[in-house]
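Scroll down for the structure; my scribbles are underneath it.
The values are calculated or read from the model by the stated rules, or taken from the named source; none is laboratory data. From a predicted model like this one, the values you see are computed outputs, not experimental measurements. With ideal geometry, Cβ positions are generated from the backbone for all residues, glycine too; neighbour counts draw on all protein chains shown. For accessibility, only protein heavy atoms count, side chains too; no ligands or nucleic acids. Shrake-Rupley method; radii C 1.70, N 1.55, O 1.52, S 1.80 Å.
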Amino acid sequence: MLTRLSIRNIVLIEALDLDFARGLGVLTGETGAGKSILLDALGLILGDRAETALVRAGEAKASVTASFEFATLPTLIVNALDEADIDLEPGEPLLIRRQVKADGGSKAFVNDQPTSVALLRELAPALVELHGQHDDRGLVNPRGHRELLDRYAGIDLGLLGRRWASWAKAEAQLSEAQRAQEQAKLDQDLLIAHLAELTTLEPQAGEEARLAATRADMQKGEKLSGDLEELRHIWEGSDAPLASLRVAARKLDRIAEEHPLLKEALASLDRAVIEASEAEDKLQDAALALVHDPQALDAAETRLFELRALARKHRCEVDALPDVMRDMRSKLDAIEGGDAQLDALEAAAKEARAAYLTAAEKAQTARIKAAKQLDKAVAAELAPLKLDAARFLTAIGKLPEEKWGAHGMDSAEFLIATNPGADFAPLAKIASGGELSRFILALKVALAEKGGAATIIFDEIDRGVGGAVASAIGDRLSRLASAEGQLLAVTHSPQVAARGGQHYLIAKASSGTVTKTSVVLLDDTGRQEEIARMLSGAEVTPEARAQADRLLEGV
């Protein structure tokens, strides 16, 4: 609940610190005293737009600080603070501060940590629920009606949400498989043609490098063919160097024993023969490697060009062509086995849909039952609020399938008919300002103890009514405050003001050209005087004070 509100330099408020308690708090004062300023200041805390016109004249900036305390932190607040990486220890108050500069711009802080205004808007539904004469949020907005009904019915949407997520996942997998299968079938003929082309060529890993080396050797052989032929004649002729060395070695071998130097000469000659033999072998190997075969060269070049052309076609390296072939075969296999896979995915999606429908229909049954109970509870509140001719209806409708979700397949909207025989219509379109506020009060009383914001504010809910109706409004506000914990009411009705556990007087005073708004927490004497003023007008009479006493004693 809201425990403290501190305002600095907001319009006519120079400095104001207000403490709030549980139960019903009422705010009264003359028309134009500045009650709307308090609501505008609180709106900054809830993430409303920061208007520079809110900054008090002559000041550089304005600020509002609010403190909220909770017995148990609402899940919405816990999740939002965790997402924003802001710590809040159990039992620690939640402090929200907003600064507005006169030259434009604003800053927001949560527990003294800078944050975005978006976070304040995210926290707002769990902090304050505001209902006024022109309220277009809260209970008036049909977008929140289904959630309120679910809360009233005690429906746990956890299982339904999980069933929805499972169905959505199954449908997504099925759709993706169907798209892939359709595309694969469109590509099937092309895949077969490409695979046939690759199979005919049958590329091998590392083949490009081998063909390139062979081609290079053949091209070198063509260039060196004349030199190699000349060398062949030198080594193969009758007077070939190696043959002459061998003849000399045989002759020297016969006389080598005659002298040590001859032995040494023979050893040297033997080494020369060995080296020459090795040279002859290498020349022969080189001749074979560099052989110039025009047909073989043409064949190597043709295959190399074909492989490279296919690689360009498939946008890959030549060595990756075998992988491309395997991938194509896998795609063709998938096409052939795709129908079986689709059947399995379709069965899974059908099963998930059936499970979701079971949970959604259970929620629908609970909503229909709760709607009847809520209609009856609201109807019981209408007559005392001078709305005895009005009727209230919680309309449950089935949404088209494309709008189903984790919330189920139902729509829910609160409708009213203010006159006998009139058609039901949305609250905001039928009810006048005073009627709308009373409808909201009746609905809030019916929904009491079903959760909601920590603090509820009604702005002039009693406008245009008095007497017994005002007393009925005060009674229901008091009951609602007891159930919800904290309720603040801006009121002009003495019957409502008398119900307050805390009474704040909003006053405006001028000194020269300076006008200020102040707020005072009244004691018992002050309450009597203010309620008497509300009863009598400008001049407080003894009769008004006596009537005020009777109102206060009757609470």
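Results, tabulated for the structure shown:
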quantity: Asp19 being surrounded by fewer than 21 Cβ atoms within 10 Å (Cβ to Cβ) and without any contact (Cβ under 8 Å) to a residue 60 or more places away in the chain; calculated: no
quantity: Those residues of segment 395-439 which are of a type outside the set (D, E, K, R), in a helix (DSSP H, G or I) and modelled with pLDDT under 80, in sequence order; calculated: Leu427, Ala428, Ile430, Gly433, Gly434, Leu436, Ser437
quantity: Test: residue in segment 472-493 that is over 22 Å from Lys35 (Cβ atoms), modelled with pLDDT of 85 or more and among the small types (Gly, Ala, Ser); calculated: yes
quantity: Arg326 being basic (Lys, Arg) and in a helix (DSSP H, G or I); calculated: yes
quantity: Which listed residue, of Glu176, Glu171, Glu122, Glu182, is under 20 Å from the mean Cα position of the chain (by Cα) and open to solvent by 30 Å² or more (accessible area, probe 1.4 Å); calculated: Glu122
quantity: Phe424 closer than 28 Å to Gly466 by Cβ and either touching a residue at least 24 places away in the same chain (Cβ under 8 Å) or open to solvent by less than 30 Å² (accessible area, probe 1.4 Å) (or both); calculated: no
quantity: Test: residue in segment 361-368 that is open to solvent by 50 Å² or more (accessible area, probe 1.4 Å), among the acidic types (Asp, Glu) and modelled with pLDDT under 85; calculated: no
quantity: Which listed residue, of Glu69, Glu30, Glu14, Glu51, is open to solvent by 70 Å² or more (accessible area, probe 1.4 Å) and within 17 Å of Ala124 (Cβ to Cβ); calculated: Glu69
quantity: Qualifying residue in segment 290-299 (condition: at pLDDT below 80, open to solvent by 40 Å² or more (accessible area, probe 1.4 Å), of a type in the set (D, E, K, R) and more than 30 Å from Leu198 (Cα to Cα)); calculated: no
